[in-house]
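Throughout, read-outs are computed from the coordinates displayed, never taken from laboratory work. These numbers were taken from a predicted model, which means no experiment stands behind them. Cβ placement follows ideal geometry from the backbone for every residue including glycine, while neighbour counts extend to all protein chains displayed.
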Amino acid sequence: MDLVNISIPAAGLYAILGYAVVFFGLVLLMIVMMVMGKIMHKDAPKAAAAAPVTAAPAPVREAPKAPGTAGELKLYDTDPRDAAMIMAIVADTMKKPLNELRFISIREVKER
Amino acid sequence: MQIMDVLAKLGGESGFALFFMQGGWKNLVMIIIAFVLLYLGIVKKFEPLLLVGIAFGCLLTNLSYFLGHGENALYHPEIWANFLDPQNTAAYHSYGYIMKNAGLLDFFYIGVKAGIYPSLIFMGVGAMTDFGPLLARPKSLLLGAAAQLGVFVAFFGAVLLGFTGPQAASIGIIGGADGPTAIFLTTKLAPELLGPIAIAAYSYMALIPMIQPPIMKALTNDKMRVVKMEQAREVSKTEKIVFPMVVATFVILLLPSTAPLIGCLMLGNLFKECGVTERLSDTVQNALMNIVTIFLATSVGATMVADNFLKLDTIKIVVLGLIAFAISTVGGLLGGIVMYKTSGGEINPLIGSAGVSAVPMAARVSQDVGRKYNKNNYLLMHAMGPNVAGVIGSAIAAGFLLSVFG
């Protein structure tokens, strides 16, 4: 088939095929990532269960996590809305896109 | 008398005189276009890191290269035409021939022609990207796939308008909203269109905050726009380290032609995540990225030679590029709407438009539009998932087109 002077029906066919290939590739990748996530998360509870045996730490209140942080940011006595505002202000002040910054935790400092 | 002859010779050879030679007016038009692009980059801040370099490269080329008077030129389109001409045995695919005849910008352009700069830019993008939101919600990949619709619709449209298959593929990839990918593919398939395609790709990326919101508003209703999404699951460090290895292995095996882009993207990401190569990650994100951007932008700008650029085809490319961007946004939003329906209203379809790549601009647009309808809605990190999925999606689309037309 002449792909340089491609005919219109052939172009339509390749367009559909190309879109299908992109979907096929990304759907397969999604399945791989889901399996990967399942395997990694199966180990996580085991590790968490093993921890009290060795250390037996004092019960700690699980801090609520801010929305949209992929679970990395821990909030202590901070409202998610305030946390989002703080992150936006920090990003703006540093002149850095928010996705290039990593916030570990936000804690309200109370006056004693 | 001799002095007068010398002065007359200098005057006759000057660029000012060449404006009045055959086709010289075209250079003047291109110089004005370069000034307009500089204005857009510097004053309007349209992708300034790239547009300033592209515009200045265009200026330098059109100040030094006039049709039939290329002896002092910084860029020579004819030597690159010979380089691609199989009939020209001395020049065909001979970098020795290029080195012998090159001007400064021809040397810069070797990095574009060999696909080095786009791949290195992808390495920098990988080192700057957090794939955490995508790992937390792998279904985002579907939105990244859906948002490649514009690539293939624009490809088809370009064929309808009379472009050849390889040219149409290069025009279509503008819809991937990914500058390095567009440059990479165009250099391989239709180098004669590199200037207009790069300009269209980067200009529309800068215009995303204007192009996307009306489409987002038209395709969604108030109920959809106010959806607050649940927090994504926690992503472990190990997952983030394994991710680039898995993606590189999987995608390159699936489509080997994506190897330069996906390979570099994932290598950059591994530098960032593995925790033992901070210095390399820092260099790739900053120094290397900046150096490559300078060479890439000026050499792409250099290809905007008057005779190549001032054609009806350029206008067609600009229009098709806009259509590609708009349709990719539609595709992403339709994907978002399907996910909204199938998830029982848990997914906000506005994040679908971020699947067009253009990291992180498109994700910011999702955030801004979402907050307009619900002040307490923070979609940014949810939109980053489809956004980075779009980078992988556009690389796969480019790989497919390269496999077929390369």
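For chain B, what is the Kirkwood estimate of the hydrodynamic radius, computed as the reciprocal of the mean inverse distance between distinct Cα atoms, to one decimal in Å?
Working: mean 1/r = 0.0453 Å⁻¹.
Kirkwood radius, chain B: 22.1 Å.
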Spelling it out for A:K74: with amide H atoms placed in the peptide plane at 1.01 Å from N, the residues 5 or more places away or on another chain with amide H under 5 Å from its amide H are A:S105, A:I106
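At a 10 Å Cβ-Cβ cut-off, how would you order B:H93, B:H382, fewest neighbours first? Let's see the in-between values first.
On the way: B:H93 11, B:H382 31.
The fewest-first ordering by Cβ neighbours comes to B:H93, B:H382.
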Going fewest to most other Cβ atoms within 10 Å around each Cβ, B:I79, B:I173 line up as B:I79, B:I173
Amide H neighbours of A:I6 at under 5 Å, excluding residues fewer than 5 places away on the same chain, with H built from the backbone geometry, are B:G165
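Could you please report the charge total around B:L296, scoring K, R as +1 and D, E as -1 over all other residues with beta-carbon less than 14 angstrom from its beta-carbon? Kindly include the intermediate steps, with their values, before the conclusion.
On the way: positive: B:K113; negative: B:E47, B:D178.
Net charge in that neighbourhood comes out at -1.
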Simple SL model, points at 7 angstrom along Cα→Cβ for B:L160 and B:A287; separation in nm is 5.1
Computed over chain B, the relative contact order (Cα-Cα under 8 Å, seq sep at least six) in percent reads 27
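Per Stokes-Einstein, at 20 °C and 1.002 mPa s, what whole-number D in µm² s⁻¹ belongs to the range B:1-74, with the Kirkwood radius over Cα pairs as the hydrodynamic radius? Mind showing how you got there, number by number?
On the way: Rh = 13.6 Å.
Diffusion coefficient, whole number: 158 µm²/s.
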Toy charge model, Lys and Arg Cβ at +1, Asp and Glu Cβ at -1: chain B dipole around Cα centroid in debye, rounded to 20, equals 1260
So, over other residues within a Cβ distance under 14 Å of B:V284, counting Lys, Arg +1 and Asp, Glu -1, the net charge is -2
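Rank these for me by crowding, A:V35, A:V22, B:V359, going from fewest to most other beta carbons within 10 Å. Intermediate values should be presented prior to the final figure.
Values: A:V35 12, A:V22 29, B:V359 22.
By the 10 Å Cβ count, ascending, the order reads A:V35, B:V359, A:V22.
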Sequence order, the range B:258-265: Karplus ³J(HN,Hα) from phi using 6.51 cos²θ - 1.76 cosθ + 1.60, θ = phi - 60°, Hz rounded, Gly and Pro as x, gives 7, 3, x, 6, 5, x, 5, 4
The distance between the Cα centres of the range B:182-251 and the range B:1-64, in whole Å, is 35
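Stokes-Einstein at 10 °C, 1.306 mPa s, Kirkwood radius from Cα pairs: D for the range B:5-157 in µm² s⁻¹?
It diffuses with D of about 82 µm²/s by this estimate.
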In whole Hz, the Karplus estimates of ³J(HN,Hα) for the range B:396-405 (6.51, -1.76, 1.60; θ = phi - 60°; x where Gly or Pro) are 5, 4, 5, x, 4, 5, 5, 5, 7, 9
Per residue, the convex hull enclosing the alpha carbons of the protein assembly as shown has a volume in Å³ of 186
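Which three semi-axes in whole Å describe the equivalent ellipsoid of the range B:287-327, each the square root of 5 times a Cα gyration tensor eigenvalue, listed largest first?
Values: eigenvalues 132, 61, 3 Å².
Equivalent-ellipsoid dimensions as semi-axes: 26, 17, 4 Å.
Hey, which of these cross-link pairs are over 31 Å Cα-Cα: B:K311/B:K372; B:K316/B:K341; A:K96/B:K188; A:K95/B:K228?
Numbers: B:K311/B:K372 42 Å; B:K316/B:K341 37 Å; A:K96/B:K188 34 Å; A:K95/B:K228 27 Å.
Going by Cα-Cα distance, B:K311/B:K372; B:K316/B:K341; A:K96/B:K188 fall outside the 31 Å limit.
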